[in-house]
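Right, one structure below, let's go through it.
The values are calculated or read from the model by the stated rules, or taken from the named source; none is laboratory data. Predicted model, so just to flag it, every value in this text is computed and none were measured. Glycine gets a Cβ as well: all are built from the backbone with ideal geometry, and neighbour counts include every protein chain shown. The accessibility values were calculated without ligands, DNA or RNA, using every heavy atom of the protein model including side chains. Shrake-Rupley method; radii C 1.70, N 1.55, O 1.52, S 1.80 Å.
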Amino acid sequence: MPHRVLVGLRLRVLPGLKEQLLRARQTVSLATQIRRQIHVFRNVPPLREHRRGLLLHGESVGLVPTMGALHEGHISLMRQAASENDRVFVSIYVNPTQFGPTEDLDSYPKTWETDMEQLEALDVELKGNGKGRIEAVFAPMTGVMYPNLPPDSTLPGVGSFVTITPLAHLLEGASRPVFMRGVATVCTKLFNIVEPERVYFGQKDIQQTAVIKRMVSDFHINTEVCIGPTSREPDGLAMSSRNVYLGERRRKAGIVLWQSLRAAEDAYSRGKCDRDEILALGWDIANRMMMEQDALSETERARFEVDYLSLADPQTLEEVDRVDDTRGAILSGAIIMLPLEATTDGEKLGRERDTKRVRLIDNITLTARVR
Ligand code: AMP
């Protein structure tokens with residue numbers, strides 16, 4: 001009250017100030033309406049306290065786990081979470097236990113400032129929808145996530161792990177043996193910390209979605225697993241935080257995975273069910289691109305290896321010899337873009353100047369033909 005009186009007195013003394021103050025107040029209130037503060041939590045207890053408050057008000061929470069370096073694929077999951085929950089929590093944490101000892105943990109892109117800018121912009125966009133908003137970011141340090149022993153990404157490894165077999169050993173698991181164990185472990189921690197009504201994962205990492213669904217079911221975790229479609233670049237390349245490693249040349253050749261999967265999908269659409277007949281079309285595309293690249297000089301080509309092309313059961317992810325018309329199947333693949341052998345002056349290079357191997361994965365769901 002005294003404060004108001006004081007302002008009133010000063011307004012009479014300085015004519016014109018009233019309008020200025022009013023305008024300033026309007027600007028402030030507009031700014032707070034547009035840019036709400038997104039809560040950033042680094043530790044578990046304050047997040048839990050905040051979460052409890054939301055629970056008491058009957059507000060639902062959707063969690064989108066990420067490793068940051070946000071792109072439209074992540075944002076689309078957050079939009080979905082906002083349309084189905086009152087509040088959206090986003091975790092940003094590069095989890096060491098899902099990287100093998102020779103993988104890119106140290107160089108994984110970290111873009112905190114632009115991540116936060118994207119989240120704030122998304123929150124403003126969501127305001128107009130009258131549904132959920134971006135409530136909080138959980139960005140812990142590793143000591144918070146692994147409070148007792150240093151994280152271990154060797155096998156068998158020492159520590160507390162969540163292992164979902166055989167799912168975790170198939171497909172990506174064959175080349176990246178600790179990957180799915182790390183994912184299941186960190187997601188268990190995140191789900192226990194946030195206790196979200198729903199969790200959101202991208203179809204792009206199809207095996208991850210199968211592992212998480214199995215984990216939630218087997219451990220009776222009280223959350224619903226929701227899957228969002230893969231966001232793609234205009235030419236079809238699946239968006240990924242690792243795409244920043246691809247300079248122009250490797251980026252162009254990297255589309256081969258999507259093209260191979262599309263060719264195999266086409267065979268299924270034309271009535272083929274046999275594994276060899278379906279996958280042969282995918283391999284044709286990959287082999288042709290490989291030969292084209294081999295024929296070019298070192299300063300022109302972008303070489304790659306195909307790790308696998310797979311045709312698998314949609315639930316178990318076990319390889320199938322024939323697609324069961326009533327179940328459909330998952331077509332998936334992984335390629336490794338090899339480092340460029342030679343570069344030219346002025347060439348558009350990616351992060352780390354295209355000296356790193358980059359693994360690209362993608363998949364297509366072949367839907368059941370008979371219901
Ligand atoms: P990451 O930060 O790569 O661990 O991904 C976090 C989440 O975003 C995972 O559920 C991914 O499946 C999902 N995601 C990544 N890329 C895409 C994409 N292109 N489209 C849809 N979801 C994606």
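To the nearest Å, what is the center-to-center distance of the range 310-371 and the range 141-204, using C-alpha atoms only?
Their Cα centres are 22 Å away from one another.
For the range 241-366, what is the accessible area per residue in Å², given a 1.4 Å probe and the full set of protein chains?
Value returned for the range 241-366: 48 Å² of accessible area per residue.
Which trypsin sites (Lys or Arg not before Pro) in the range 296-353 pass both tests, a DSSP loop state and at most 11 other beta-carbon atoms within 10 Å?
Taking the range 296-353 and a limit of 11 other Cβ atoms within 10 Å, the loop trypsin sites (Lys or Arg not before Pro) found are LYS348.
Would you mind estimating how fast the range 84-175 diffuses translationally, via Stokes-Einstein at 25 °C and 0.890 mPa s with the Kirkwood radius over Cα pairs, in µm²/s?
152
Any idea what the relative contact order of the range 37-154 is, in percent, if you count C-alpha pairs under 8 Å spaced at least 6 apart?
Normalised by residue count, the contact order of the range 37-154 is 37 percent.
Mind checking the angle between helix 44-56 and the chain's longest principal axis? C-alpha axes, 0 to 90 degrees, to the nearest 10.
Rounded to the nearest ten degrees, it is 70.
Accessible area of VAL64, 1.4 Å probe, to the nearest 10 Å²?
Its heavy atoms expose roughly 0 Å² to the probe.
Given a cut-off of under 8 Å on Cα pairs at least six residues apart, what relative contact order in percent is computed for the chain?
Details: 627 pairs, mean separation 52.8, N = 371.
Value for the chain: 14 percent.
Under the Kirkwood approximation applied to all pairs of distinct alpha-carbon atoms, what is the hydrodynamic radius of the chain in Å?
So the Kirkwood estimate lands at 23.2 Å.
Please name which of LEU171, LEU340, VAL158 has its Cα lying farthest along the dipole of the chain towards the positive end, using unit charges on Cβ (Lys, Arg +1; Asp, Glu -1) and the Cα centre as origin.
The residue sitting farthest along the positive end of the dipole is VAL158.
How large is the accessible surface per residue of the range 37-228, computed with a 1.4 Å probe and reported in Å² as a whole number?
Roughly 44 Å² per residue, with all protein chains present.
Let me cross-check GLU300: its accessible surface, 1.4 Å probe, with only protein heavy atoms counted, in Å² to the nearest 10?
100
On a 0 to 90° scale, report how tilted helix 206-218 is relative to the longest principal axis of the chain, with both axes built from alpha carbons and the result rounded to the nearest 10.
Taking the Cα atoms of the chain, the angle to 206-218 is about 70 degrees.
As a quick test, which of the pairs LYS131/LYS348; LYS110/LYS348; LYS131/LYS213; LYS189/LYS252 have an alpha carbon distance above 31 angstrom in this structure?
Cα-Cα > 31 Å for LYS131/LYS348; LYS189/LYS252; rest within.
Would you list THR66, THR163, THR142 from the most to the least accessible area, probe 1.4 Å?
THR163, THR142, THR66
Using the per-residue mean of other Cβ atoms lying within 10 Å as a proxy for protection, in what order, highest first, do the peptides 74-84, 110-120, 149-159, 275-285 fall?
74-84, 275-285, 110-120, 149-159
How far apart, in nanometres, would the label points at LYS131 and ASP325 be if each is projected 7 angstrom from Cα along the Cα-to-Cβ direction?
Taking the simple label geometry, LYS131 and ASP325 are separated by 3.7 nm.
If you average 1/r over every pair of different alpha-carbon atoms in the range 37-228 and take one over that average, what Kirkwood value in Å do you get?
About 17.0 Å for the range 37-228.
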